[in-house]
Amino acid sequence: MTCLIILSINTLQMKRIITFCALSILVFSCKKEQSVMNPLNQGCDCAKEVSADFLMEEMATPIGWPYEPQLTDSDTVYANTNIHFYAKEAGAEYTWVIGSEEVHEREFYRYFSSALIGETLEMKLIVNKSPNLICLPNDDGKDTLIRYLTVVEEPLDFFSTPNPRFEGVFRLKDANMTDSVDVTVEILGTVDVVSDRIRITNYDGQGTEKDLSVDAINYRQVWFTAACYNKIGSLFHDLNNQVRLELRPNELNICPYHLLKGRKL
């Protein structure tokens, strides 16, 4: 009788041990299976919904310019200028509506004459594209964006007409600087028989003054060169009222490259 009781207890304990081991294996197997990432969801961190965002760039260089083009994304342009329209979304169907005109290319150019001075024109882009439904199941693949373009008259003399976008004191910071500096910009007329210049002071935080020859002008951006900085740099006052000043030396020069960003005071 005693032997039978011991046998029963051992059998019960054995069943519990077997059951515990089986459950442990099952739980371990489930956890391991859940840790494997579904390959269909990989790469979704960079996924974006279909967008109708586009560039509307005033051109200081001609269409087909073989060198680095001088283009400025802007909401205001000088009259008698070509504008470059470019949809940022690739591989889509495009419908541009500009006045009574409809265009279906990703990029194109249009000339805005002096007859449009004082006009604010609606520019609409409609984009249709197969969406990435794996990463973005709610994206319908359609988007529309409307921007407005104002045409203004170019000053008769850029160097004698006040220009608050480019003149004055700007608080800017270079990536290599620990603190921002106050940079003064002056548009100069004829000085010592040399005209078409911009003077920039304290761009290096050391009070250095540099006279730059103006190369081209758009409503929001002016390009220039100078001794040692004979690659075209620029002063750009963007759509968000942020200012960027770039001085670009030739590869053979030892002058430092400068890229300062900030705002006008």
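The values are calculated or read from the model by the stated rules, or taken from the named source; none is laboratory data. None of these values were measured; they are calculated from a predicted model. Counting neighbours? That spans all protein chains shown, and the Cβs are built from the backbone with ideal geometry, glycine included.
For the stretch 72-103, give me the residue count where each residue is closer than 21 Å to Glu49 by Cα and among the acidic types (Asp, Glu).
2
Test Pro164 against the stated conditions and say whether it is part of a loop (DSSP other than H, G, I, E, B), closer than 25 Å to Arg263 by Cα and in contact with a Ser or Thr (Cβ under 7 Å, 6 or more places away or on another chain).
It is false that Pro164 is part of a loop (DSSP other than H, G, I, E, B), closer than 25 Å to Arg263 by Cα and in contact with a Ser or Thr (Cβ under 7 Å, 6 or more places away or on another chain).
Restricting to the stretch 56-77, and then to whatever is under 26 Å from Asn230 (Cβ atoms) and part of a strand (DSSP E or B), can you tell me which residue is nearest to the chain's Cα centre (by Cα)?
Selected residue: Asp73.
Output the number of residues of the stretch 172-186 satisfying the condition of being assigned to a strand (DSSP E or B), of a type outside the set (Asp, Glu) and either loosely packed, with under 15 Cβ neighbours inside 10 Å or without any contact (Cβ under 8 Å) to a residue 24 or more places away in the chain (or both).
Within the stretch 172-186, residues that are assigned to a strand (DSSP E or B), of a type outside the set (Asp, Glu) and either loosely packed, with under 15 Cβ neighbours inside 10 Å or without any contact (Cβ under 8 Å) to a residue 24 or more places away in the chain (or both) number 1.
Which of the residues spanning the stretch 209-241 are among the polar types (S, T, N, Q), touching a residue at least 12 places away in the same chain (Cβ under 8 Å) and part of a loop (DSSP other than H, G, I, E, B)?
Asn218, Asn230, Asn241, listed by residue number.
Limited to the stretch 116-160, what total is found for residues that are at positive phi and surrounded by 13 or more Cβ atoms within 10 Å (Cβ to Cβ)?
The qualifying residues number 1.
Answer yes or no as to whether Glu57 is within 27 Å of Asn128 (Cα to Cα) and touching a His at 6+ places or on another chain (Cβ under 8 Å).
Answer is yes for this residue.
Condition first: free of Cβ contacts under 8 Å to residues at least 24 places away in the same chain and under 25 Å from Met123 (Cβ atoms). Now tell me which residues in the stretch 145-163 satisfy that.
The one that is free of Cβ contacts under 8 Å to residues at least 24 places away in the same chain and under 25 Å from Met123 (Cβ atoms): Pro155.
Starting from residues that are surrounded by fewer than 15 Cβ atoms within 10 Å (Cβ to Cβ) and of a type outside the set (Asp, Glu), keep the ones in the stretch 58-83 and report whichever is nearest to Glu246 (Cα to Cα).
By that ranking, first place goes to Pro69.
State the number of residues belonging to the stretch 187-208 that are part of a strand (DSSP E or B), farther than 16 Å from Glu246 by Cα and at pLDDT 90 or above.
Count: 1.
Against the definition (in the same structural domain as Met123 (by TED's automatic domain parsing), under 17 Å from Val222 (Cα atoms) and modelled with pLDDT under 90), how does Glu57 come out, yes or no?
No: the conditions fail for Glu57.
Tell me which of these Val50 doesn't satisfy, since it passes every other one: (1) touching a Gly at 6+ places or on another chain (Cβ under 9 Å); (2) among the aliphatic types (A, V, I, L, M); (3) buried (at least 17 other Cβ atoms within 10 Å of the Cβ); (4) modelled with pLDDT of 95 or more.
In the conditions (1) touching a Gly at 6+ places or on another chain (Cβ under 9 Å); (2) among the aliphatic types (A, V, I, L, M); (3) buried (at least 17 other Cβ atoms within 10 Å of the Cβ); (4) modelled with pLDDT of 95 or more, Val50 misses (4) alone.
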